[in-house]
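Since the structure comes first, as structure tokens, the remarks are kept for the end.
The values are calculated or read from the model by the stated rules, or taken from the named source; none is laboratory data. Quick caveat: nothing in here was measured; it's all calculated off a predicted structure. Ideal geometry is used to build each Cβ from the backbone, glycine not excepted, and the neighbour counts take in all protein chains shown.
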Amino acid sequence: MAIVEPVPSTGSDEPRRLLLRNTVNNEPIGEIEVQPAAEVQAAVERARKAQPEWAALSVERRASYLRRMLKVLLERQEDVIETVVRETGKTRTEAISMEIFAACDALSFHAKRAPKLLAPEKKSLHGVMRFMKKLTIHHVPLGVVGIITPWNGPFILALNPTAQALVAGNTVILKPSEVTPFSAHLLAEMFEQAGLPEGVLQVISGDGETGAALCEAEIDKISFTGSVATGRKVAEACARKLIPCTLELGGKDPMIVCADADIESAAAGALAGAYMNTGQYCCGTERVYVVDAVADEFTAEVVKRAAQLRQGDSGESDVGAIFWPNQMEIIESHVADAVDRGARVHVGGRRNPNLEGLYYEPTVLSEVDHDMKIMRDETFGPILPIMRVRDEDEAIAMANDTHYGLGATIWTNDDFKAAQLAQRIESGSVCVNDMTVTYGVMEAPFGGRKSSGVGQVNGENGLRGYCYTLPVIVDRFKGKNSRSFYPYGAKKDEGMLKAARFLFGTALGRWLS
Ligand code: NAD
């Protein structure tokens, strides 16, 4: 079963078209056009034209569109659930929690905070400078922002960066994944219903060709969420054009279970981390390191709980489908490689034989090591490999033995120890006694280290990342000082040298500077 298929062309001048099928029953769910570079550039030009008027609105006015969008979203929750479930195969509960609840929170948060975070900031200056100059930091929009998104969170991963870029005064071109394009089209329709002016948000459809064309178009920033391999291409394109980009990329998140952890909670957290969104979650728990003293107890608890999970597409299911066949191939190859190299399968380890669609059973493995793909490469599936380690030091060494660095979790009853361990993990964020929830905590900067990304979204800097931080320095004497700039001469030089000796070489001077 292929869920993205090329539609046979009827003429050479026509853009390519793609047919999409549902992963649960293989039924066609729609077609999209792969928009060529000329259409992408035309969209950028429309966005460029609409941007000055949008930027001229106050932040408060722009935030009011987010609030109206929130109202529309609350009215049209069922449309979002239906679209997301149809194009992903995720569970209804996950469509609500991950996509709708998180989207409502993002809209409400950015609408509330943006006016304060984007307001001009007066900064007091140091030393004698304070008597001469005034500094104000302005957060000015960048212009036209390109947002490229993946398929695992098709509504929220499009909405959150879009809301931030818009409220910051940019116009947006959104290029969703060709695997799940319909949620982004619905998003744009809902923003239109909320009254967003024409040209302020446009969705373009297509695959990598369209995404690459967007990176080459006359835009001012790319906000990219997706794989490491594509992220590198996006970074190269942005580097050639000298425009900024943020890259939110893949991960191989470790979970560390200490001897003093609450084992039942840790086991439940491991399941949530590994199986939520059928494991297709950038910050999903991809590998567990449990210290020897509690390894047997923890593994037994995980196995007991995993065996009780229900899989399917009814509203009562716990674990949904794999969103497209390419991911199924990766999952199967990782498990096969682990089993060949001696891993033990406790639960799952195969496609679900009772379901027709793309379902892989929630799986628990033990006796795994770092020679296996399952411990090294991003699996992005419902697989929980558990590795026994001697102590916390070995757990940290193993957690860092990767080129990824997106999220990590630590389970312990000792908050002080957790903070110490957290700082030793090379990771974009760390959650203690929870699965990785960082993306849902809007105040927390979210990003990846190592190959997992560049830059951060959310938090103050995430929102301000859609702006240029413009310092405006005003002379307190209306420019009269510049009259004494020239001529240079020995007297002036001696005066400056004396001032330097006083300001930085005496106690009073140091206090003043
Ligand atoms: P992908 O890199 O294959 O595709 C992502 C987007 O890039 C799609 O819209 C695609 O059409 C587009 N694209 C493809 N080639 C392009 C090119 N040359 N130039 C510009 N755009 C191009 O990723 P995916 O398979 O859709 O998503 C899964 C990956 O995303 C996983 O690795 C996952 O960990 C990661 N992810 C990361 C985060 C995060 O916040 N860090 C969140 C969700 C997913």
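Quick check on my filter: what residues within region 157-179 are within 15 Å of the chain's Cα centre (by Cα) and either away from the ligand (no atom under 15 Å from the Cβ) or surrounded by fewer than 24 Cβ atoms within 10 Å (Cβ to Cβ) (or both)?
Answer for region 157-179, where residues must be within 15 Å of the chain's Cα centre (by Cα) and either away from the ligand (no atom under 15 Å from the Cβ) or surrounded by fewer than 24 Cβ atoms within 10 Å (Cβ to Cβ) (or both): ALA163, ALA165.
Restricting to region 397-420, give me the number of residues that are away from the ligand (no atom under 16 Å from the Cβ), aliphatic (A, V, I, L, M) and either under 24 Å from the mean Cα position of the chain (by Cα) or outside the structural domain of ILE263 (by TED's automatic domain parsing) (or both).
So the answer is 3.
For region 401-504, please list each of the strands (runs of 3 or more DSSP E) lying entirely inside it that holds at least 2 residues being in contact with a His (Cβ under 6 Å, 6 or more places away or on another chain) and touching a residue at least 24 places away in the same chain (Cβ under 8 Å).
467-475
From the set of residues in region 238-261 that are near the ligand (Cβ under 7 Å from one of its atoms) and in contact with a helix residue (DSSP H, G or I) (Cβ under 7 Å, 6 or more places away or on another chain), which is nearest to VAL40 (Cα to Cα)?
Restricting to residues being near the ligand (Cβ under 7 Å from one of its atoms) and in contact with a helix residue (DSSP H, G or I) (Cβ under 7 Å, 6 or more places away or on another chain), the top hit is LEU249.
Can you pull out every residue in region 79-110 that is among the hydrophobic types (A, V, I, L, M, F, W, C) and within 17 Å of VAL457 (Cβ to Cβ)?
Our first condition is that a residue be among the hydrophobic types (A, V, I, L, M, F, W, C); within region 79-110, this holds for 80-81, 84-85, 95-96, 98, 100-104, 106-107, 109.
Those that are among the hydrophobic types (A, V, I, L, M, F, W, C) and within 17 Å of VAL457 (Cβ to Cβ): MET98, ALA102, ALA103, ALA106, LEU107, PHE109.
Yes or no, residue by residue, for (1) under 30 Å from ALA422 (Cα atoms); (2) surrounded by 11 or more Cβ atoms within 10 Å (Cβ to Cβ); (3) β-branched (Val, Ile, Thr); (4) in the same structural domain as GLU426 (by TED's automatic domain parsing):
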site: VAL437; (1), (2), (3), (4): yes, yes, yes, yes
site: LEU470; (1), (2), (3), (4): no, yes, no, no
site: GLY479; (1), (2), (3), (4): no, no, no, no
site: ARG483; (1), (2), (3), (4): no, no, no, no
site: GLY489; (1), (2), (3), (4): no, no, no, no
site: THR506; (1), (2), (3), (4): no, yes, yes, no
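Residue by residue through region 180-200, note down the ones that are surrounded by fewer than 24 Cβ atoms within 10 Å (Cβ to Cβ) and in contact with a helix residue (DSSP H, G or I) (Cβ under 8 Å, 6 or more places away or on another chain).
PHE182, LEU186, MET190, GLN193, ALA194, GLY195, LEU196, PRO197, GLU198, GLY199, VAL200
From the list VAL441, VAL430, VAL454, pick out the single residue that is within 16 Å of the ligand (Cβ to nearest atom), out of contact with any Ser or Thr (no Cβ under 8 Å at 6 or more places or on another chain), aliphatic (A, V, I, L, M) and closer than 19 Å to GLY407 by Cβ.
VAL441
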